[in-house]
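Take a look at the structure set out below.
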Amino acid sequence: MMGAVAVAHARPSRPASQRTSNTPGQPPPHTATTTPPSVSYATNRLDSLLSHCHSRAIFQHSVPQCGTEARLPMRVALYDHAKLYREHREAIDAAIARVLESGQFTWGEQVPAFEEEFASWVDARHAVAMGSGTAALTTALRALEIGPGDEVITVANTELTGIAAISAVGATVVWVDIDPESRCIDTTACEAAITPRTRALLPVDMYGHPADMIEMRRIADRHGLALVEDACIALGAEIDGRRLGSHADVTCFSFSPGKHLGAMGAAGACTTQNAALADRIHKLASDGQARGRHYDPKPRIGQHHETEGHNQRMDEMQAAILRAKLPHLDETLAVRRAHADRYTERLVGLADLPGERTGFRHAWRNYVIELDRRDELAAHLFAHGIGCNALYSPPMHLQPVYRGLGYAVGSLPRTERSGKRLLGLPLGPPLSLEQIDIVADEVHAGLA
């Protein structure tokens, strides 16, 4: 694992003639330019349903009645952050009060304490608290010296943030198809896409199911590539009994409010087994400054920047809140797994249901079914006060922002088929099993 980092850092710079820019609209060097994907993919089926109503808020927390401004109350919402806060109000309020009373809103004791506690929970040697999951992904790539002329292989059925992180460092995204069972990166397709320009692999643990990080590690080591894991929606997932957090050179997590461990705002983290890499991530996220200067009891004056960096640190308030919630993370995961089990029991035979590959343990950030009658079912659920969503559809390679990269409809057939059929159902705290049953009942009714 640590050897892969050393290889990535030791690789000499290529001659300018071998490096390519990441100019917008320029397809990957080994990808033939084809007709841009039709915008109709993004607007044909599900969007036609949404445009029939006045607001796209039906994918969030309320259901506008088609043709009116009236709103129906949600019977089962996708998220209820206020209720989650009330369940842990005493601990959260006390954590916030400690920070306010300390007067240390940056460079205090909460961030280092959270880093130590979180690293212990995921069984990693080092954790670096970040301002967001996006900051974690971008800084991880920078720390591994991924940049212009480099290619990063990843999947398209994901958030914009991972793709934007690749672009932010000047590298070129290369999309490959998914494994239909886990909906994570197809390892065979990944290895086949490696070229002399490939510098990093970026698998995504989809919906809480881990990518095959054992095989991804082998591929990265075979080809001398950096391995960055996007575990932003898979905190607590396991491979062969080992939690995600130490399989890759850097593992990136998000603590946005809807995640397994949710902050009250944006927050994230990088974990790694490599002390030098952790130190570099610290500096890049702290305006190029070594953290030790801010905690040295000896008074210092003046500035000391060791590298160019950005202000992408986690703040003290979020760290304090996350420390208050971290002791309940195992309980949160148990609730999510119980909800997933209930859905699987209730919905068998109605749709293609998610599962777990042998040796993998799902963290169930989302319970995402697939069916041909997706739009019809979504309309029924909305009309009966049930929240649902379609993450991540359309996939990134067919989004307008990336139209110039040359990936047409049909480029990633398994990804595209999943994107047209997927539907996410409410799951996790603070929902009860009774509410999961209400959703299941409406799925049955909507497909009757």
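We did not get these values from a lab; they are worked out from the coordinates using the rules stated. Please read all numbers here as calculations on a predicted model, not as lab measurements. Reconstructed Cβ throughout: ideal geometry from the backbone, glycine too, with neighbour counts over all protein chains shown.
With a sphere of radius 11 Å drawn around the Cβ of residue 415, what net charge do the other residues whose Cβ falls strictly inside it have (Lys, Arg +1; Asp, Glu -1)? Kindly include the intermediate steps, with their values, before the conclusion.
Details: positive: 183, 414, 417, 420; negative: 177, 179, 186, 416.
Net charge around residue 415: 0.
Arranged by the count of other C-beta atoms within 10 angstrom, fewest first, what order do 255, 360 take?
Working: 255 32, 360 20.
Arranged by neighbour count, lowest to highest, 255, 360 become 360, 255.
With +1 on the Cβ of every Lys and Arg and -1 on the Cβ of every Asp and Glu, and nothing else charged, how large is the dipole of segment 84-326 about its Cα centre, in debye rounded to the nearest 20? Each step should come with its number before you reach the end.
Details: 23 positive and 34 negative charges, 126 e Å.
With Lys and Arg at +1 and Asp and Glu at -1, about 600 debye.
Starting at the first residue of segment 149-158, write each ³J(HN,Hα) from the Karplus equation 6.51 cos²θ - 1.76 cosθ + 1.60 with θ = phi - 60°, in whole Hz, x for Gly and Pro.
Result, rounded to whole Hz: x, 8, 10, 10, 8, 8, 10, 9, 8, 8.
Which one, 219, 196, 102, projects farthest toward the positive side of the charge dipole computed for segment 84-326 from Cβ point charges (K/R +1, D/E -1)?
102
Taking neighbour counts of Cβ atoms within 10 Å as a proxy for exposure, in what order, fewest first, do 225, 447 appear? Write down the numbers at each step before the final one.
Details: 225 24, 447 14.
Arranged by neighbour count, lowest to highest, 225, 447 become 447, 225.
Please rank 384, 260, fewest neighbouring Cβ atoms within 10 Å first, as an exposure proxy. All intermediate terms of the calculation are to be shown ahead of the outcome.
Working: 384 17, 260 24.
Neighbour counts put them in this order, fewest first: 384, 260.
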